[in-house]
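Colleague: For reference, the structure I am asking about is given below.
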């Protein structure tokens, strides 16, 4: 179950996950667990892009590698790729759709929008990348929108600039803090306030590629104040496990992106007695480039379970209340013209037997080559975000659509595309909204 849709502030509450994380996440050189570090750059520190004086040939080599690193950092997604005339909510069956506010970010701008079931704007957060302190000073197209957001019950919001950094703003879009860690794809806030977020480093890993830098993915833990507490290399988690053979250089897409990890969920332990693989504190994640869904035991720092997906390309695995797993399968090898064949699969993670699936039809096609999410709602319906199409829709177990929304925002040089829709989150019906009535503190 995802926790990102509703986050309470509980600074005094103790949670064991942070404790074992600090003990289990070790530096690669075997040093003691890392201490909490300020995520803001300190004056006088050597930055990632600073090079020592060297010979002219070394300068050329360093500059070339720096260029490759900049290209890796810039890996992201299109702000929009398809045409459509549809806008807003086009289907709403009030008796069968699960009621609640909807939160989403969009490829058109660095902002998040809260709307009701009819598509009416309730609130908007907006924060330009250039105003965030301490982030990468070589911005790219990933500064133009937020890849993932998470809302707190007081209206505060976390937002990821894909591969560049993470910020926290208040309900009035005032910056609370920013983290220069190269956050990407997904994050999750724990009951004690700790933030688990995917990060990555573009650097040389000789055992993977002796000639060029690669993207190495990490799970990083930040405090509620945005300070780095610990991190774990996902590459090392695979290499130290019985699944090490799955790490192959030929799986990289030609741009050094080894894993393309795209999801993180900290398991809550509800299935610990049934299967310890899915025990409390273990991490469920997805490596899109590898075609692998994995569970990582962070006490051991090892991958303990995998499911290889066919066809390759998947997002957003979730462990459901019934013990099954829900997965968005993109089918990346199909055409990206809306006629491909993505699907949502529910399967038993032990037997791996397929339990339920949703696929599009000729009349109602369903395909997103990139991104995409699926959320099982309390009433048994499934909320699906078809990101490339800028569409979100809710289906019954039978597959009938009872709510449908098209992103009203547009992207492209001539606003010719519907803006990419990374995820629509359905908030609980009782999600607090008293913060909406508090006086704004936004600057004039």
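Colleague: Identify, by number, the condition in (1) under 22 Å from residue 329 (Cβ atoms); (2) in contact with a strand residue (DSSP E or B) (Cβ under 8 Å, 6 or more places away or on another chain); (3) surrounded by fewer than 22 Cβ atoms within 10 Å (Cβ to Cβ) that residue 385 doesn't meet.
Modeller: (3)
Colleague: Go through segment 272-288 and give me each residue that's at negative phi and surrounded by 20 or more Cβ atoms within 10 Å (Cβ to Cβ).
Modeller: If the condition is that a residue be at negative phi and surrounded by 20 or more Cβ atoms within 10 Å (Cβ to Cβ), then 278, 282, 283, 284, 285, 286, 287, 288 are the ones that fit.
Colleague: Going residue by residue through segment 174-187, is there one that turns out to be at positive phi, buried (at least 24 other Cβ atoms within 10 Å of the Cβ) and either touching a strand residue (DSSP E or B) at 6+ places or on another chain (Cβ under 9 Å) or assigned to a strand (DSSP E or B) (or both)?
Modeller: Looking for residues that are at positive phi, buried (at least 24 other Cβ atoms within 10 Å of the Cβ) and either touching a strand residue (DSSP E or B) at 6+ places or on another chain (Cβ under 9 Å) or assigned to a strand (DSSP E or B) (or both), one finds at least one in segment 174-187, hence yes.
Colleague: So, of the residues in segment 234-253 that are assigned to a loop (DSSP other than H, G, I, E, B), out of contact with any helix residue (DSSP H, G or I) (no Cβ under 8 Å at 6 or more places or on another chain) and modelled with pLDDT of 85 or more, which turns out to be farthest from residue 183 (Cα to Cα)?
Modeller: 242
Colleague: While we're looking at this one, here's another question. Can you name every residue in segment 105-117 that is in a strand (DSSP E or B) and surrounded by 21 or more Cβ atoms within 10 Å (Cβ to Cβ)?
Modeller: 105, 106, 110, 112, 113, 114
Colleague: Please find, among 200, 207, the residue that is out of contact with any strand residue (DSSP E or B) (no Cβ under 7 Å at 6 or more places or on another chain) and either in a strand (DSSP E or B) or free of Cβ contacts under 8 Å to residues at least 24 places away in the same chain (or both).
Modeller: Matching residue, one of 200, 207: 207.
Colleague: Continuing with the same structure: Which residue pairs have Cβ atoms under 6 Å apart, sit 6 or more places apart or on different chains, and have a first residue in segment 131-153 that is without any contact (Cβ under 8 Å) to a residue 24 or more places away in the chain and a second that is outside any loop (DSSP other than H, G, I, E, B)?
Modeller: Taking only residues 6 or more apart or on different chains, not a single pair turns up.
Colleague: Out of 431, 393, 366, I need the residue that is on the phi < 0 side of the Ramachandran plot and part of a strand (DSSP E or B). Which one?
Modeller: Just a single option satisfies the conditions, and that option is 393.
Colleague: Sticking with this structure for a sec: What residue, of 256, 269, 226, is modelled with pLDDT under 95, under 30 Å from residue 155 (Cβ atoms) and more than 16 Å from the chain's Cα centre (by Cα)?
Modeller: Every option except 269 fails the conditions.
Colleague: In the set 402, 424, 395, which member is touching a strand residue (DSSP E or B) at 6+ places or on another chain (Cβ under 9 Å), farther than 18 Å from residue 115 by Cβ and at pLDDT 95 or above?
Modeller: Every option except 395 fails the conditions.
Colleague: A follow-up question, please. Surrounded by 23 or more Cβ atoms within 10 Å (Cβ to Cβ) and out of contact with any helix residue (DSSP H, G or I) (no Cβ under 9 Å at 6 or more places or on another chain): which single residue out of 221, 151 fits that description?
Modeller: 151
Colleague: Follow-up question, since we're still on this one. Is it the case that some residue within segment 193-204 is more than 29 Å from residue 111 (Cα to Cα), more than 20 Å from the chain's Cα centre (by Cα), at pLDDT below 95 and surrounded by fewer than 19 Cβ atoms within 10 Å (Cβ to Cβ)?
Modeller: Within segment 193-204 (the criterion being more than 29 Å from residue 111 (Cα to Cα), more than 20 Å from the chain's Cα centre (by Cα), at pLDDT below 95 and surrounded by fewer than 19 Cβ atoms within 10 Å (Cβ to Cβ)), the answer is yes, since at least one residue qualifies.
The values are calculated or read from the model by the stated rules, or taken from the named source; none is laboratory data. Keep in mind it's a predicted model, so treat the numbers as computed, not measured. Note that we place each Cβ from the backbone using ideal geometry, even for glycine, and neighbour counts take in every protein chain shown.
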